[in-house]
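Notes for the one structure printed next.
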Amino acid sequence: MKNHLLTALAVGLGSTLFAQHKFAQLDIELPTPNEYRNAAGGPGHNYYQQKADYKMTITLDDDRQIIRGEEVITYTNNSPDVLEYLWLQLDQNIYRPDAESHFIEVEKMEDFKSIKDVERKLMTFDGGYNIESVASVNGEKMRYAINHTMMRIDPAKPLAAGGSISFKIKWWYKINDRMKVGGRSGYEYFDTDKNYLYTIAQFFPRMCVYSDVEGWQNKQFLGRGEFALPFGDYEVSITVPGDHIVGATGELQNGSVVLTAEQRERMKKAVTADSPVLIVTQAEAEQKEKGHEKSLKTWVFKAKNVRDFAFASSRKFMWDAQNQQVAGKNILCMSYYPKEGNPLWERYSTKLVAHTIATYSKYTIDYPYPVAISVHSDKIGMEYPMICFNGGRPQADGTYSEETKYGMWGVIIHEVGHNFFPMIINSDERQWSWMDEGLNTFVQYLTEQEWERGYPSRRGPAANITNYMRGDQRYISPIMTNSESIWQFGNNAYGKPATALNILRETVMGRELFDYSFKMYCERWKFKHPTPADLFRTMEDASSVDLDWFWRGWFYSTDFVDVSVDYVKHFQLNSNNPTTEKGLQQQESAQKPEFIGDTRNKESIKQTVNEKDPNIDDFYAKRNVYEVDKLDQKEYTDFQAKLTPEQKKLIESNKHFYELSFTNKGGLVTPLIVQATFADGTTEIVRIPAEIWRMEHTTVTKVFLFDKEVKSFQLDPFLETADCDTDNNSFPPSAAPTRYQLFQQKANPEENPMQRQKRMEAGN
Ligand SMILES: [Zn+2]
């Protein structure tokens, strides 16, 4: 999108039509480029961003499931503005009984189907922050106000441009039971061994983003729109029971204190190993499950240039690690999991972490952090810098379904992938879910395909999005919709943008131009705060492909791709040679079907008048119209004399012309990929850019020229455009039979194939 104020198109069509024109430039929709964000899609010459550094001491109370913290935040105002107040996020307040999120869900009585549903409605968990104090580093109390999930702090005097301020917050809260209350973090309680597994995140008051785009991004946390956070450096000490193992954002600073000599020895091996080395074995973890250490240990972590901090802690943890090189740098890939995660976790988790950071580095930016961690946390997938919490739990007997396996692989790749979007390419999640989820799901697809050939990726391939896109339009939102207001969140924020990027890569731009431009976007915006316009502009500016129609159709509308082939007309050039042409005409006339009346009259009328009376037939009746006479010959010779040798050759070549008509039924403009199959079984592909629709949005015709006669035409033969109805894509229409399945009762509906195999081997 360059900044065209008025295109010729706009003048021609008038302003109301202009807004709807499928090829109109995205002018009104995008913010005007400025000194902070330029028209090419990069950071402007005066781009700035704020910095928030944290020093925290945290205590995890494993007896009462309470967490306490004291944090010193140093906030640096790099903006040109004076800040009268500062905004912080209090995510835990979503667990207060009076949280807005409890009241905004639309409900009907029929939503309560069982006593469990009623119990869930009645259940109150009195979580949320208890803010004990907010003070300057000298201990002077600071004024603050809490508005649900946001806290405003008023400094004694406004924070000048270029200035910085340090202040202290003391807080505590009750940790939520993640399995009952839900949430992205919390604890899971294991009744069999009476132990807890904590995955702790969004746990401390965090600075909001202040930027040239939103001012303060202090839109309330309602549960879905995730987090907008500034970068900074963290130093965190976490005190936990002495038998716990802790994994966290950043590098462990005091391994010599918290790890045993044996663990340190194993870690030494792991840092150069190219497959996982166990630091804590299953036997060791199971042994610890039986005890309950009373003494405490403090684990210290440091992380540089991250936008958040999270950790996991449990005495149930097994722990393994391996090395992965990215651009010559060693990255320590690690996993933490209870025995309940095995056999899947020990076998796959850390290998998936290593594969993910290597593959993402190829398509985006080199992974910049020293560690990458995957923690097993049943049922969910959630990402934080360097660490993520992932589901994928086998059954108690150690078997698992194929869905569980692919679910675990997919969620680990996805959540580790989030290190890139939005942890480093730090978009505003509170506003746009698709900017991190969609981009991440797209690279997840590329990573899955490099993990296993034919990996059944749920999202990415164009054909997988068609059911959603052609669905009930009342329940579909444009991708450019705020996180909280999206219908069908997964399809909208993950599936559709991932598919759109795939279509750009495979069909609209081609892999080379796409990969260069996409990497350019990632390089430009790593460790910065990009917006949708920055992505849209960079993809165009770096590739010289006008994509405004694409963004408009795929991101700003709910149109879908459905193009039909309406008709095919076949032509060949008239040679003007009277012998050939009259011969053909005679043949054609003889092959014409005969009218039923004529057939019957041959029998019923014994003799007509002209058959009886020779004086009836005149010149016209006796003339043979297919006969070639001297004048015909002369005309042909004269015609030939005027032709160049090339023209003669072209006429004699007897090429086949086909006029095809296409109708755009879904509204979304798309390239046309047309495959012609010839009588001899060979094929030819013609690729037509989407601009064929630039004047006519509904029906276009196109003439195709082939040496051989075409037997059939197929539109979108490689399923690359997300055409929602492929039944109208062939000519002539095909009528292959479908196997109709009658209803069948399964003997063991709950059994997974591994259990079936065991049963078979046992002879049952
Ligand atoms: Zn995600």
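Listing for the model above:
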read-out	value
For Met150, residues with placed amide H under 5 Å, excluding near neighbours	Leu90
Projected label distance in nm at Thr608 and Asn467, using a 7 Å step from Cα toward the beta-carbon	6.4 nm
Residues Asp629, Asp233, sorted so that the one with the fewest Cβ neighbours within 10 Å comes first	Asp629, Asp233
Calculated FRET efficiency for the pair Asp126/Asp725, C-beta based, R₀ 41 Å, to 0.05	0.20
Taking the convex hull of Cα positions in the stretch 654-738, its mean projected area over all directions (nm²)	6.2 nm²
Normalised contact order of the stretch 264-333, rounded percent, pairs of Cα under 8 Å and 6 or more residues apart	46 percent
Total formal charge among the other residues, if their Cβ is under 14 angstrom from that of Gln287, Lys/Arg +1 and Asp/Glu -1	-2
Value in Å of the Kirkwood radius, where the stretch 577-694 supplies the Cα pairs that are averaged	20.7 Å
Pairwise label distance in nanometres, Ala679 with Tyr556, each label 7 Å out on the Cα-Cβ vector	5.0 nm
Long-range Cα-Cα pairs in the stretch 691-764 (distance over 17 Å), rounded percent	73 percent
Distance histogram in 5 Å bins (all Cα pairs of the stretch 360-483, percent per bin)	2, 10, 17, 20, 21, 16, 10, 4, 1, 0
Between helix 261-270 and the chain: long-axis angle, C-alpha atoms, 0 to 90°, nearest 10	20 degrees
Cross-link partners of Lys294 among lysines (Cα-Cα below 23 Å; sequence separation of 8 or more within a chain)	Lys174, Lys194, Lys316, Lys339
Contact order relative to length of the stretch 654-738, as percent, for alpha carbon pairs under 8 angstrom and 6 or more apart	36 percent
Arg152, Arg759 arranged by Cβ crowding within 10 Å, fewest neighbours leading	Arg759, Arg152
Residues with amide H under 5 Å from that of Ile373, placed H, sequence gap 5 or more	Met334, Ile387, Cys388
Where labels lie 7 Å past Cα in the beta-carbon direction, separation of Ser734 and Ala135 in nm	7.6 nm
Helical mean residue ellipticity (222 nm; -39500 (n - 2.57) per DSSP H run of 4+; nearest 500) of the chain	-8000 deg cm²/dmol
Overall Cα dimensions of the stretch 434-480, principal axis frame, Å, largest first	38, 22, 10
Convex hull volume per residue for the stretch 96-169, taking Cα atoms only, in Å³	122 Å³
Qualifying lysines (Cα of each under 18 Å from Cα of Lys655; at least 8 residues distant if same chain)	Lys569, Lys702, Lys708, Lys711
Whole-Hz couplings from phi, Karplus 6.51/-1.76/1.60, listed for the stretch 164-178; x for Gly and Pro	9, 9, 10, 8, 10, 10, 10, 8, 8, 7, 7, 7, 6, 7, 4
Phi to ³J(HN,Hα) by Karplus 6.51 cos²θ - 1.76 cosθ + 1.60 over the stretch 583-594, Hz, x for Gly, Pro	x, 5, 4, 5, 4, 4, 5, 5, 8, 5, x, 9
Cβ-based net charge around Asp428, under 10 Å, with every Lys or Arg adding one and every Asp or Glu removing one	-2
Length released on extending from Ser485 to Arg511, taking residue separation times 0.36 nm less the Cα-Cα span	6.0 nm
Using alpha-carbon coordinates, inclination of helix 402-417 to the longest axis of the chain, degrees	70 degrees
Cα-based Kirkwood hydrodynamic radius, the stretch 454-532, one decimal, Å	14.2 Å
Overall Cα dimensions of the stretch 53-110, principal axis frame, Å, largest first	53, 39, 13
The stretch 48-230 - Rg (one decimal) and Dmax (whole number), Cα, Å	18.5, 58
Charge dipole (debye, nearest 20) of the chain; +1 at Cβ of Lys and Arg, -1 at Cβ of Asp and Glu	1300 debye
Sequence-distant aspartates and glutamates (8 or more away, or on other chains) whose Cα lies within less than 15 Å of Lys302	Asp53, Glu71, Asp233, Glu235, Glu251
Sparsely packed GluC sites (Glu not before Pro) within the stretch 112-192, loop by DSSP, other Cβ within 10 Å at most 12	Glu140
Rounded Å value of the spacing that divides the Cα centres of the stretch 327-362 and the stretch 640-706	51 Å
Share of alpha-carbon pairs per 10 Å distance bin for the chain, given as whole %	2, 11, 18, 20, 17, 11, 7, 5, 4, 3, 2, 1, 0
Order of Met386, Met509 - criterion: other Cβ atoms within 10 Å of each residue's Cβ, fewest first	Met509, Met386
Rg/Rh (Cα only; Kirkwood hydrodynamic radius) as it applies to the stretch 571-611	1.22
Potential lengthening between Thr599 and Gln640 on full extension [0.36 nm per residue; Cα-Cα distance subtracted]	10.5 nm
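All of the numbers you see were taken from the coordinates with simple rules; none came from a lab. All values reported here derive from a predicted model rather than from experimental measurement. A quick note on method: Cβ atoms are made from the backbone with ideal geometry, for glycine too, and the neighbour counts reach across all protein chains shown.
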